[in-house]
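K.L.:
Just passing along the structure, written as structure tokens.
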Amino acid sequence: MEVAILFAMVIGLLFIGVPIAVALGLSSIIFLLVYSDGSLASIAQTLFNAFEGHFTLLAIPFFILASTFMSTGGVARRIIRFAIAVVGHFRGGLAIASVFACMMFAALSGSSPATVVAIGSIVIAGMRQVGYTKDFAAGVICNAGTLGILIPPSIVMVVYAAATDVSVGRMFLAGVIPGLLAGFMLMVGIYVAAVWKDLPAQPWAGWGEIFASARDAIWGLLLIVIILGGIYGGIFTPTEAAAVAAVYAFFIANFVYRDMGPLANPDGDPIPVLRKPQSLLTVWFHPDTKHTLFEAGKLTILLMFIIANALILKHVLTEERIPQMITEAMLAAGFGPILFLVVVNIILLIGGQFMEPSGLLVIVAPLVFPIAIQLGIDPIHLGIIMVVNMEIGMITPPVGLNLFVTAGVAGMSVINVVKAALPWVGIMFVFLILVTYVPIISTWLPTLLMGPEIITR
Amino acid sequence: MSEASKGGVSGIIDHIEESIIAILMGAMTLITFANVVARYVLNSNILWALEATVFLFAWMVLLGVSYGVKKSLHLGVDVMVGALAPATRKIVTLIAVACCIAYAVLMLIGSWDYWYPFVSKRAWLETDDIPMPFFLRFFEGWLNEGEVYEKMPRFIPYAVLPISMALLTFRFLQAGWDIYTGKRNTLIAGHEAEEELAQAAAKED
């Protein structure tokens, strides 16, 4: 079958070290030239159409920018302080607080590696100081960091919404309860391990500390309120919400937290705005501002180049009517919803070990979406299953982004991080099975707040 | 850190590319934000905001791709290549570069084929909403038989396709040469890890 050649070509190119985006694009071009009469100009058009034809994807750069402004050390530190004040006094409190901090940071950032870096670079050292092993600390962070793509806002969800034309707002809402549940399951796992291994608890800091740390962290956490509130209140489109969040994060980072920009003072307390009113103008040209814009732009470029080329591949697949063929084959083979979801999970778990999550979603979503609709599976539920699979893909080798980032942050080899993460991956697997076969976990909140969904296809 | 730190010509070019990325990113954000403000505060709409943002987005990503090649930032799978002996590894990497060059050249041809009609026989085709900036009016005499463009013609935003793909071809050729001469040994990033690590280390200081 020609499609098998197409995918073999992608995998072959990946293994000789061709960048993911080029492997996807080049395979599609060659396939089109050999098996179909598509012109090169139409491929160039498809590339440009990734931007011109997918307004949903426009939210991605803004979410990345907001998260980059929020990823200054200061915001993560404030969130961690609050998390320790709230749950630190349990056994294994610092590890539980790390998960809690990852969950909160995930609500500011749509990416898992960013969550691992922001939280992990602070708490792993902290956990080691009070007597946790390095493996325990790294394993916890590596797993908790994956919540970055499950708890809204999430870049992977934006990509899924763009690939299948479901509502971004619904996807975000659907991620809330599974995100909380996954975090809770990890916390329970840690607590059990802590009792068993006799890990230390932090002293109870008192309500005063909880209140003070909450007041300090609230400016950052309000970001998620703006995004979710804005989208559900019908005030903004998701893209606009992301842009407003980016501008909000810019003001908080420069004028409230003052970790960066003209009012930052590395040697002591930040400078009050009134003492330096010209900062309201200079901030726009400050090197920190430019650096943050550039960093966010760079991440957007790398991600969008993969997505744009995955869209070319998707275009080829749709043109060759591959999704319809697979649907017919699967239905003819008598696949029911349960077996179908098992197959989807397996495809995604294997794919997720080699591919970057967003690119994989763009390719797999249109293949399985029509079958899911035929079988009566809720599109939102399918989306959450895919996101959870991507989470597991990020913590399993060889292309587990979180593994590499954790290895870097913890100063361990990747192999050791893989071993350290393994017990917690077990919890994520249980969570995956739960989410796959109990759809109400995903669909209850969006249906409650936005009404039942109308499936048009 | 990949921020320009070198001096000389390559440092200046790095600086220009990084500034273009930062400026396009900032412009996109501000235009979208301004549109929200216009809607709620001024009760009006910036008609061209969405279309302009989309084009700025396309420009940023497409132009930035070649910067990513120059700095070896693009994600890839390096487990297999990393396990090879240095001599074999170099050959395999050169084959990978050849594939990338083929991609860039095919895309360049496709981009030109796609763009050329917009600047020749369909030069009258305008964007939906973006007004024509006065300093680009000279195109009317050149390409539109002197007729006034009410909106920006489509060949301007689309021009990024051939430009960016030409740049990409150049950067892949350069990467191939660098790998051949031993100045670089990889085309792809070690999974963002090094970069993220450098950032984390910088924060701890």
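The values are calculated or read from the model by the stated rules, or taken from the named source; none is laboratory data. Here the structure is a predicted model, which means the values were calculated and not measured. A quick note on method: Cβ atoms are made from the backbone with ideal geometry, for glycine too, and the neighbour counts reach across all protein chains shown. Calculation scope for accessible area: heavy atoms of the full protein, side chains included, ligands and nucleic acids excluded. Shrake-Rupley method; radii C 1.70, N 1.55, O 1.52, S 1.80 Å.
K.L.:
What residues qualify as long-range amide H neighbours of B:Ile130, i.e. H under 5 Å apart, gap of 5 or more or another chain, H built at 1.01 Å from N?
P.N.:
B:Met152
K.L.:
Whole Å is fine, so just give me how far the alpha carbon centre of the range A:11-47 lies from that of the range A:177-211.
P.N.:
48 Å
K.L.:
Which value, in Å³ per residue, describes the convex hull spanned by the Cα atoms of the range A:197-273?
P.N.:
On the way: hull volume 14.5 nm³, N = 77.
Hull volume over Cα atoms, normalised by residue count, gives 188 Å³.
K.L.:
Mind checking the dipole of chain B: about its Cα centre, +1 per Lys or Arg Cβ, -1 per Asp or Glu Cβ, Debye to the nearest 20?
P.N.:
Its charge dipole is roughly 540 debye.
K.L.:
As a test of the formula, what do you get for chain B when each DSSP H run with n ≥ 4 contributes -39,500 (n - 2.57) and the sum is divided by the residue count, at 222 nm and rounded to the nearest 500 deg cm²/dmol? Please report the intermediate quantities before stating the final value.
P.N.:
Values: 8 runs with 136 residues, N = 205.
The helix contribution divided over chain B gives -22000 deg cm²/dmol.
K.L.:
Under 8 Å for C-alpha pairs, at least 6 residues apart: give me the relative contact order for chain A, rounded to a whole percent. Walk me through the intermediate numbers first.
P.N.:
Working: 680 pairs, mean separation 106.0, N = 457.
It comes to 23 percent, rounded to a whole number.
K.L.:
May I pose another question? Along the charge dipole of chain B, pointing to its positive end and built from +1/-1 on Cβ of Lys, Arg, Asp and Glu, which listed residue (B:Trp115, B:Thr88, B:Phe33) has its Cα farthest out?
P.N.:
After comparing all options, I get B:Thr88.
K.L.:
Convex hull volume of the Cα atoms in the range A:1-150, per residue, in Å³?
P.N.:
Convex hull of Cα atoms, per residue: 154 Å³.
K.L.:
Can you work out the base-10 log of I(q)/I(0) for the protein assembly as shown at q = 0.05, 0.09 1/Å, using the Debye formula on its C-alpha atoms alone?
P.N.:
-0.22, -0.76
K.L.:
Okay, moving on. Accessible area per residue, 1.4 Å probe, Å², for the range B:1-70: what's the number?
P.N.:
The answer is 44 Å² per residue.
K.L.:
Continuing with this model, one more query. Could you give the size of the charge dipole of the range B:122-165 about its Cα centre, using +1 on the Cβ of each K and R and -1 on the Cβ of each D and E, expressed in debye and rounded to the nearest 20?
P.N.:
180 debye
K.L.:
If you add up the charges near B:Met165, with Lys and Arg at +1 and Asp and Glu at -1, over every other residue whose beta carbon is less than 12 angstrom from its beta carbon, what do you get?
P.N.:
So the surrounding residues net to 0.
K.L.:
Normalise the Cα radius of gyration of the range B:40-100 by 2.2 N^0.38 Å (N = residues in it) and let me know the number.
P.N.:
So the Cα radius of gyration is 1.97 times the expected 2.2 N^0.38 Å.
K.L.:
For a label point 7 Å from the Cα of A:Leu280 along Cα→C-beta, name the residues of the range A:220-257 whose backbone N is under 19 Å from it.
P.N.:
A:247-257
K.L.:
Any chance you could give the angle, 0 to 90 degrees and rounded to 10, that helix A:401-410 forms with the longest Cα principal axis of chain A?
P.N.:
Helix A:401-410 sits roughly 20 degrees off the main axis of chain A.
K.L.:
Here's a follow-up. Add -39500 (n - 2.57) for each DSSP H run of 4 or more in chain A, then divide by its residues: what number comes out at 222 nm, to the nearest 500 deg cm²/dmol?
P.N.:
Values: 21 runs with 336 residues, N = 457.
Computed ellipticity for chain A at 222 nm equals -24500 deg cm²/dmol.
K.L.:
If r is the Cβ-Cβ distance from A:Val188 to A:Phe7 and R0 is 35 Å, what FRET efficiency results, to the nearest 0.05?
P.N.:
Efficiency computed from Cβ-Cβ geometry: 0.35.
K.L.:
Right, something else. What does the charge dipole of the protein assembly as shown about its Cα centre add up to, to the nearest 20 debye, if the Cβ of each Lys and Arg holds +1 and the Cβ of each Asp and Glu holds -1? Walk me through the intermediate numbers first.
P.N.:
On the way: 33 positive and 42 negative charges, 228 e Å.
In total the dipole reaches around 1100 debye.
K.L.:
Which Cα, out of A:Ala246, A:Val425, A:Ala333, lies furthest along the positive dipole direction of the protein assembly as shown (beta carbon charges, K/R +1, D/E -1)?
P.N.:
A:Val425
K.L.:
Compute the orientation-averaged projected area for the range A:302-370 from the convex hull of its Cα atoms and round it to one decimal in nm².
P.N.:
Projected area, direction-averaged: 4.6 nm².
K.L.:
May I pose another question? Classify chain B from the C-alpha gyration tensor, please: rounded if a/c falls under 1.5, else prolate or oblate depending on whether a/b exceeds b/c. Intermediate results must be reported in sequence, preceding the final value.
P.N.:
Working: a/c = 2.70, a/b = 1.58, b/c = 1.71.
Oblate, since a/c reaches 1.5 and b/c is not below a/b.
K.L.:
Okay, moving on. Where q = 0.11, 0.12, 0.25 Å⁻¹, what log10 of I(q)/I(0) comes from the Debye formula for the range A:332-423, counting one point per Cα?
P.N.:
-0.37, -0.43, -1.18
K.L.:
So which helices of chain B fit the span-like rule, where a helix is a whole DSSP H run, its Cα atoms reach 30 Å or more along the axis, and its mean Kyte-Doolittle is at least 0.0?
P.N.:
Result, helices passing both filters: B:8-40, B:49-70, B:86-119.
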